[in-house]
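For reference, the structure discussed in these notes is given below.
Read-outs throughout are calculated quantities, based only on the coordinates presented, and are distinct from any laboratory measurement. What you are looking at is a predicted structure, and each value in this text was computed from that prediction instead of being measured. Glycine gets a Cβ as well: all are built from the backbone with ideal geometry, and neighbour counts include every protein chain shown.
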Amino acid sequence: MKKRKLVLINPHPIGNVGEENVSVLNQMPVNLGYLITLMPEHWEVDVVDETTELALDANNQLTFQGADLVGITSVSYQAPRAYAIAHACKKRGIPVVMGGVHATIYPHEVAQHVDCVVTKEAISIWGKLLADFECGQLQKRYDGGLTPLENLNGLYPARDFLKAKYKYRYSGIITTAGCPFSCEFCSVPQFQGQKYRERPIGDVLNEFAAIKGQYRGLVLTDENFYGHSKKSNDRVRDLFKGMVERGIYQNWFGFTSLNIYKDDETLDYMVKSGCVGVLIGIESLNKDALYSMNKNVNLRITIERYYEAVKNIRKHGIAVWGTFIFGNDTDTTETFDEVADFILNSQIDIMTCGILCPFINTPLYKRLESENRLFRNHFPEDWTYYTSHHLVYILKKLSLPELIDGMQKLYNKLYSTEVIRKRFQNSRDVLQNNNSALFALKVNWDWRNVFRHLLENLKTLQASGVYETALERIGKKQRYDEPTNLMATKI
Ligand code: B12
Ligand code: SF4
């Protein structure tokens, strides 16, 4: 059979500083790892992860040779870079397949830049796509649908292959997928579906066991590993209990919601299985902001219980990593102090934050578009701003200088060397778990750099005059929430 070569690419816009710059988050692209596992024997594979090595040289020529087919993964902010790579492939006559979040949510745009678009999860159609390609019948679109996670039985991403090339120290592992909620800003319900899919725990345990000790840490790629019902809560307790019983100790962290705080038994198994932290989307301390985000999962717990929740999780030796969103329509100049006080008083171990981001086709995107508030909407170029580390719409109650001042204040209160040190001391004292405390320190340290870039992005926006022009266009002077300047709109 004719030998063929596939090159898989994780694109990265040059100069972007985001979560990929946090050491514990800079992990191998497990999505590409699944595609590699599914490759037929007569295919040779190479990978280019642009967070480490560029796929294009200074003249926008490909840096790799010999590909018969190129596959690119992309979330929205990576799309312009993905298209630049696809154009370079086209010049060399190499067909390109693109998949991932952006291709799933915005396939008609992607189709203008590549030969073949794969929507949703590729596992079920990847073999067919390759076979079609081999007989010259590559189709323009394949829809992989949502994979029942029972189908992953024994199918693990090709971690050894990826690690051999880039020496990754962290990896991801799937235990569930999907989310039944529909927060206004989030792409997950559209992309992974609203059904909460659970992978059989025996299979997850086998995968954990197969890679035990090979990585400094694993990230559970699930949106919420704890789940949304008593049944899923029981399942996940059995998973961590299974890790403990099988002696699979492995440092890991995952995303969940605050409601896990009441489940002492599960928290106990979690820490015994190696859990160092839980990342929780707290998003805001303002009830109206949570209502407008449709963040029911937090509203149910109630903001008043946040302190108790943080305290109880920490009591088990697990670091609490709270994420916050700024730039909400209800945010005022007071919001930043309120959040900083909450972080310091509740002693949350890690706080990371972003600017509200209207990811494509989310309810938030549609609302801001209908209110004429988006000013980064020259696509595809402007997708690079859709990371949560740029402002892309006109703020409601805040002016841009007020947002910058507020974020700067937050930075000063939480990220000075002295405060980071004090918080580390507190993590060590309270968690009584060096792994968790060091994990928190590492993230805080790396996040300080990401936060500086976020501030820089806002200041660059202010200096560019783009925000002022956007305000003028809709007849406002400083913010959306002020009377329209009719003179300006007439002009
Ligand atoms: C884990 C995770 C992370 C991890 C790891 C990311 C990584 N590089 O591996 C961390 C925490 C580092 C992270 C960072 C970021 N993330 Co993130 N992340 C996720 C999460 C929760 C799961 C992704 C995952 O690993 N799934 C498991 C793998 C196996 O599935 P998959 O990626 O979907 O791949 C399948 C298909 O998509 C398809 N496919 C994918 N690629 C390709 C390529 C080809 C050629 C083909 C054929 C098919 C194909 O087939 C795969 C197998 O079935 C998703 C939400 C979600 N539930 O999907 C958000 C999500 C992808 N992240 C998001 C964002 C915004 C980010 C950041 C920009 C945040 C920031 N402010 O910095 C950064 C970007 C970092 C980067 N360079 O990618 C958004 C993207 C939204 C959008 N429209 O752009 C999502 C959807 C979350 C959300 N709230 O909306 N993320
Ligand atoms: S933010 Fe979390 S809870 Fe809300 S829809 Fe997205 S994944 Fe679900």
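Close amide-amide hydrogen proximity is noted between G172 and M28, V30, V219, each under 5 Å apart and 5 or more residues distant or on a separate chain (H modeled in the peptide plane; Pro and chain starts excluded). Amide hydrogen proximity for K5: with H placed 1.01 Å from N in the peptide plane, the residues at 5 or more positions away or on another chain lying under 5 Å are E44, D68, L69. Which shape class, rounded, prolate or oblate, goes with the chain when its Cα gyration tensor gives a ≥ b ≥ c as root eigenvalues, a/c under 1.5 marks rounded, and past that a/b bigger than b/c marks prolate? The shape class here is oblate. Pull up the DSSP beta bridges for the chain and report the antiparallel fraction as a percent, rounded to 5. Beta bridges within the chain, antiparallel portion: roughly 10 percent. A dipole drawn for the chain from +1 and -1 charges on Cβ atoms has a positive end, and of L138, Y106, L344 the residue lying farthest that way is L138. Across the chain, the relative contact order, built from alpha-carbon pairs under 8 Å that are at least six residues apart, equals 13 percent.
Unpaired cysteine residues in the chain (no second Cys Cβ under 4.7 Å): C89, C116, C135, C179, C275, C353, C357. Can you spot the aspartates and glutamates whose alpha carbon is less than 20 Å from K3's alpha carbon? Ignore those fewer than 8 places along the same chain. By straight Cα distance, K3 reaches E41, E44, D46, D68, D132, E134.
Under 5 Å from the amide H of H389 lie the amide H atoms of I355, each residue being 5 or more positions distant or on a separate chain, with H modelled from the backbone and absent for Pro and chain starts. If you average the C-alpha positions of the stretch 304-332 and of the stretch 195-234 separately, how far apart do those two centres end up, in angstrom? Each part reduced to its Cα centre gives a spacing of 23 Å. Cross-link partners of K311 among lysines, defined as those whose alpha carbon lies under 29 angstrom from its own and excluding same-chain residues fewer than eight positions apart: K230, K231, K241, K262, K272, K287, K295, K409, K413, K422, K442. Projected onto its three principal axes, the C-alpha set of the stretch 169-453 covers 55, 43, 35 Å, listed from the longest axis down. Among the helices of the chain, those built from whole DSSP H runs whose Cα atoms reach 27 Å or more along their own axis and whose mean Kyte-Doolittle hydropathy is at least -0.5 are 434-464. What is the local net charge at R141, summed over the other residues whose Cβ is closer than 15 Å to its Cβ (Lys, Arg +1; Asp, Glu -1)? Counting the neighbours of R141, the net charge comes to -2.
Close lysine pairs were tallied over the stretch 4-143: pairs 8 or more places apart or on different chains with Cα atoms under 18 Å apart number 7. If R0 is 60 Å, what FRET efficiency do you get for N60 and S370 from their C-beta distance, rounded to 0.05? The value I calculate is 0.95. Taking Lys and Arg as +1 and Asp and Glu as -1, the other residues whose beta-carbon sits under 13 Å from that of G93 total +1. Other residues within the sphere of radius under 11 Å centred on the Cβ of L471, judged by their own Cβ, net out at +2 (K and R +1, D and E -1).
Derived scalar couplings between HN and Hα for the stretch 254-263 equal x, 9, 7, 10, 4, 4, 5, 4, 7, 9 Hz in order, rounded to whole Hz, by the Karplus curve 6.51 cos²θ - 1.76 cosθ + 1.60 (θ = phi - 60°), x for Gly and Pro.
Of all DSSP bridge pairs formed entirely within the stretch 4-143, close to 5 percent run antiparallel. 3J(HN,Hα) couplings calculated from phi for the stretch 17-29 with the Karplus curve 6.51 cos²θ - 1.76 cosθ + 1.60 (θ = phi - 60°) are, in sequence order, 10, x, 4, 5, 8, 8, 3, 6, 9, 7, 10, 5, x Hz; Gly and Pro show x.
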